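The values are calculated or read from the model by the stated rules, or taken from the named source; none is laboratory data. No experiment lies behind these values; they were computed from the predicted model shown. Cβ sites come from the backbone with ideal geometry, for glycine too, and all protein chains shown count toward neighbours.
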Amino acid sequence: MTTTPTSINSPDPTSADGGGYCPTTADIATGVDSPRAYAAVYERERAADPRLTPEVLKPDRVMVAASDTETGPAVAAACGDDVAARTFVVYTRRTDMRDSESLSQGRYWVSHSASAWFVWAQPH
C-alpha cells in the first residue's frame with residue numbers, strides 16, 4: 001500500500017520505507033493520548049471542509065495499532081512492529097452520510113513527533 005504523508009501541524013516527519021511513508025521518528029503511542037490522535041484527524045478533515053463540526057465527525061474508537069486486531073496488522077505489515085507501537089488507528093463516522101455505511105466510516109493512522117500530531121495514512 002502506498003500512502004501519502006499529511007501533516008497540518010508541522011513539516012513532514014516521515015521517511016519513505018517499504019513502498020509507503022512510515023513515521024520512523026514518531027513517539028511511542030499510549031492510550032492517554034487517544035483524544036489528541038482524534039483531534040489531529042478532526043483538524044485535518046476540518047481544514048479540508050470548514051463546514052465540518054464535531055457533531056458530524058465522531059470518533060468511534062482510537063487504539064494503538066499494536067493492540068488493534070482489526071487494522072493494526074496492516075500497519076505492522078506496511079511499516080513494521082516498531083511503527084505499529086508508535087501509531088494510533090482512529091476510527092470515525094460521519095453522521096451526515098447515514099445512507100452509506102461505508103462512506104460514513106473513516107480510518108486514519110496517526111502519530112506524534114516533535115510536539116506535532118499528524119495523520120500519515122488514511123486507508124479507508
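Structure above, values below:
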| quantity | calculated |
| --- | --- |
| Condition check for Ala39: within 17 Å of Ala114 (Cβ to Cβ) and modelled with pLDDT of 90 or more | yes |
| Qualifying residue in the range 17-24 (condition: closer than 15 Å to Phe118 by Cα, at pLDDT below 95 and not in a loop (DSSP other than H, G, I, E, B)) | yes |
| Listing of helices (runs of 4 or more DSSP H) fully contained in the range 25-111 that carry 1 or more residues being within 11 Å of the chain's Cα centre (by Cα) and among the aromatic types (Phe, Trp, Tyr) | 34-48 |
| Within the range 22-51, tally of residues that are crowded, with 16+ Cβ neighbours inside 10 Å and within 17 Å of Thr95 (Cβ to Cβ) | 5 |
